[in-house]
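Chemist: What follows is a structure written as structure tokens; I'll ask about it next.
Each value in this text was obtained by applying a stated rule to the coordinates, not by laboratory testing. This is a predicted model, so every value here is computed, not measured. Don't worry about glycine lacking a Cβ; one is built from the backbone with ideal geometry, like all the others, and counts go over all protein chains shown.
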Amino acid sequence: MSKKLTSALIVYFDAIALTLFERVSPTIAKTFELDKSLKIAGLYIHPKVYACRVLLITLLSGIISLIVVGILVMVLQFALLVKLLLLLTPVISCIIAFAIGLIYPSLSAFFRKLYVESELPFFSVYVTTMVKGGLTVEKCLERVSRLKLFKYMRREASEILRLVKMFGADPLSAIEKVAYDHPSTKFRDLMLGYVTTLRSGGDVSHYLEVKTKELLDSRSADVKAVIERLTAFMELYIILGVVVLITVFTFYAAGGAMSITGGPRFSSIADLSMPILYVNIVLPALSAIILILVHVTLPKTELPIRSPYYTLLISIPFAVLAMASVIVIGGSLHIFKGVLRPWDVVVLVISLGVGLLTVSIPPSLVYTLESRGTRGVSKSLAEFLRDLSEVRKTGLSPEKCIVTLSQRSYGNLTTIVKRAATAISMGITLDKALARSMRRLRDWFIAIVFRFLVDSVLYGGGSPEIIEALAIFAQGLSDSEIELRRSLRAYVLLPYFGIIMISSAPLIIVWQLTMSAGLRTQPEMLTGIIATLSIGALINSYITGIVAGKLSRMVLAAGFTHSIIAVLLTLTVLMITMSMIGFI
């Protein structure tokens, strides 16, 4: 019902947009080449309709912002200059909405290219293995369109099948059409090369083997490029998050120290609005941007793990309760009345730290339970496939080979092999046996390789040559995965360096500048700026821990464990620093 309602609303929205802007839309579509950009992005909407939709959204954003600004100007008392600046808000909102509407197809095309290329080596391995078993590429595409493990290639395969089944195109023409308009040059070269090879009567199997090896080599080069980009992101984070932070707080700490020691003459210098803005808005936004850049840069080959995020939502009320309990136990309820003493700052910092820990520990435990048993499995998987190929040469069936190999040790993979062997011995098919053995395993690489193995047996007979080819390709994919993870671990320590600097340096600067004035300052005079710096340090350490977790395991949920470490480290550094400067 919700999908029908959404579709109906979109139809009505487009009808209104066409009624208002039908005359202008052809000019907009032609000027900004929407036809080409929508086709490359894979968005099935007419350029004129899309132009009308963008114009209507622009108009609505301007009207809404104008109403909001009008209410603010009438209700609140602003200076004349501020009112004039607020009147520009509707114009700015219209420009932003229009620009986003025009950029959206290009962004969609970029992400389409990025996501498809992350799965393309695995798709090429799958197709090559199946073709060796006697299947055509068209049959492989039908199979891929039903495989949930291929999240992005499934869409491309479905588009090819849509052209064949709904519009009557022949398979080669459909492949050619989808590939020709695709933003990924690698996907385009692979599919158009296949079409050319087949039409010219060439060896399709040999062509796919060569292209697969090229894609695997290209993946190794892409890993190095990913590492270089991540290095640049981390260096940018250290520069903006640490160096610029210390520079900003040097100036404002100097102003605060002059206000404290110099009396009323310097009272205007001690304005804390900029430090609060930088610590609580700029730095979290910077960390979030770095996190998004890291997420976009890393390959998208992970199974979705949602249970830690559900656990996070459940933990939020308990975190609020834990924070309130710490404040009550610490006897600092008067902070809500604006009274802030040195001890209250300590209680406030500890309560925030306890809240962040409370909200992070449950999802961290859930993620640890779901991801356990995956360390080192990728390396053992290639070894298992090689042994399977050798045992298969003796004439045993693939099922009997797995039962035989269950007696050997393959590290963490041994448990999966033994479960599969037990299920096979009970008469369960190979497909269901492997599915049962991997039910609790949340590793995309292992799942996709075992899927290849099952399909090579079901559709290709599981000959020793096919399994050996799969083992060779799996080794190449495993090496690139291991190299990427090993290289990423080297950058996990950089965020922790930033955490230590952000937690300690600004407080030390305040203390040194205050002492340099030659006067003994009472701790009560520093409560405002110390509280601001400490709370900001805790918030940033939490986000930085998420970034470190994303770098270490390429999964956002892994950041909860690193956030726990980051918060504990920040609390320790803050307490030591406050004690060192004589604040507590």
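Chemist: Rounded to two decimals, what is Rg over Rh for the stretch 64-141 when you use alpha-carbon atoms and the Kirkwood radius?
Modeler: On the way: Rg = 26.2 Å, Rh = 17.3 Å.
Ratio of gyration radius to Kirkwood radius for the stretch 64-141: 1.52.
Chemist: For the stretch 112-218, compute Rh as the Kirkwood radius over C-alpha pairs and then the Stokes-Einstein diffusion coefficient at 20 °C and 1.002 mPa s; write the answer in µm²/s, rounded to an integer.
Modeler: Values: Rh = 13.7 Å.
Value of D from the Cα-based Kirkwood radius: 157 µm²/s.
Chemist: If you line up the Cα atoms of the chain on their principal axes, what length do they span on each, largest first, in Å?
Modeler: That works out to 91, 70, 43 Å along the principal axes.
Chemist: Right, here's the next one. Calculate the dipole size of the chain relative to its Cα centre from +1 charges on Lys and Arg beta carbons and -1 charges on Asp and Glu beta carbons; express the result in debye to the nearest 20. List each step's numbers first, then the result.
Modeler: Values: 57 positive and 38 negative charges, 212 e Å.
Approximately 1020 debye in magnitude.
Chemist: Can you pull the Rg over Rh of the stretch 377-487, Cα-only, Kirkwood?
Modeler: On the way: Rg = 13.1 Å, Rh = 13.9 Å.
Rounded to two decimals, Rg over Rh is 0.94.
Chemist: What Rg and what Dmax come out for the stretch 2-110 when only alpha-carbon atoms are used, in angstroms?
Modeler: Radius of gyration, then largest Cα-Cα span, for the stretch 2-110: 16.8, 50 Å.
Chemist: Moving on. How large is ³J(HN,Hα), in whole Hz, for each residue of the stretch 181-190 in order, when computed from phi with the Karplus curve 6.51 cos²θ - 1.76 cosθ + 1.60 and θ = phi - 60°, using x for Gly and Pro?
Modeler: Calculated HN-Hα couplings, in order: 8, 7, x, 8, 5, 5, 5, 4, 5, 5 Hz.
Chemist: R0 = 22 Å: FRET efficiency of Tyr12 with Leu72, Cβ-based, nearest 0.05?
Modeler: Computed FRET efficiency for Tyr12 and Leu72: 0.10.
Chemist: Related question: Between Trp343 and Leu85, 0.36 nm times their residue separation minus their Cα-Cα distance comes to what?
Modeler: On the way: separation 258, 0.36 × 258 = 92.88 nm, distance 4.24 nm.
Between Trp343 and Leu85, full extension yields 88.6 nm more.
Chemist: Please state the shape class of the stretch 51-189: rounded when a/c is under 1.5, otherwise prolate if a/b exceeds b/c and oblate if not, all from the C-alpha gyration tensor.
Modeler: Working: a/c = 4.29, a/b = 3.38, b/c = 1.27.
Here the stretch 51-189 falls in the prolate category.
Chemist: Then there is this: Which percent of Cα-Cα pairs in the stretch 429-489 sits in each 5 Å bin, short to long?
Modeler: Bins of 5 Å from zero give 4, 16, 23, 21, 19, 10, 5, 2, 0 percent of pairs.
Chemist: Using the Karplus curve 6.51 cos²θ - 1.76 cosθ + 1.60 with θ = phi - 60°, what ³J(HN,Hα) values do you get for each residue of the stretch 143-155, in whole Hz, with x for Gly and Pro?
Modeler: 5, 5, 5, 10, 8, 6, 5, 8, 6, 9, 5, 4, 5
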